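For reference, the structure discussed in these notes is given below.
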Amino acid sequence: MMIDRVRDLLGRVGDVSAWRISDRQIEGKELFFIHRDVDMQRCKDVRHISLTIYRDFREGKKSYRGSVSVQIHPTHTDEEIRRLIEQSLDSARYVYNEHYPLVEPG
């Protein structure tokens with residue numbers, strides 16, 4: 001399962017303070033009209049996987065929490081996901097939000 005793969009890859013990369021994964025499956029139907037007549041219809045089944053990575057760091061005496069959100073496609077390989085995680089961690093280092101608490105899983 002994709003969430004298990006992402007969770008496993010997050011465990012192998014250092015400096016990840018916290019993370020959040022959102023996996024949504026969207027099904028729908030679309031109708032295309034020409035004037036008042038239906039010209040074409042199609043069904044769609046789309047999966048959206050969003051990963052937010054939090055990185056805590058200190059600069060001087062102040063604590064910061066940077067975060068970056070990225071989209072993961074179901075076709076990504078483990079290497080692509082790992083690279084995306086590492087790039088996100090590097091980017092989160094430049095987000096200087098004062099440290100804030102996260103909601104614990106409930």
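The values are calculated or read from the model by the stated rules, or taken from the named source; none is laboratory data. Computed from a predicted model, the values in this text were never measured in an experiment. A quick note on method: Cβ atoms are made from the backbone with ideal geometry, for glycine too, and the neighbour counts reach across all protein chains shown. Calculation scope for accessible area: heavy atoms of the full protein, side chains included, ligands and nucleic acids excluded. Shrake-Rupley method; radii C 1.70, N 1.55, O 1.52, S 1.80 Å.
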Just checking, how many residues over the stretch 18-35 are open to solvent by less than 80 Å² (accessible area, probe 1.4 Å) and without any contact (Cβ under 8 Å) to a residue 24 or more places away in the chain? 4
Sole exception among (1) surrounded by 11 or more Cβ atoms within 10 Å (Cβ to Cβ); (2) in contact (Cβ under 8 Å) with a residue 24 or more places away in the chain for Asp8, by number: (2)
Is one or more of the residues making up the stretch 93-100 open to solvent by less than 80 Å² (accessible area, probe 1.4 Å), without any contact (Cβ under 8 Å) to a residue 12 or more places away in the chain, farther than 28 Å from Met2 by Cα and not polar (S, T, N, Q)? no
Considering each residue of the stretch 36-85, count those that are surrounded by 11 or more Cβ atoms within 10 Å (Cβ to Cβ), of a type in the set (Val, Ile, Thr) and assigned to a strand (DSSP E or B), and give that number. 6
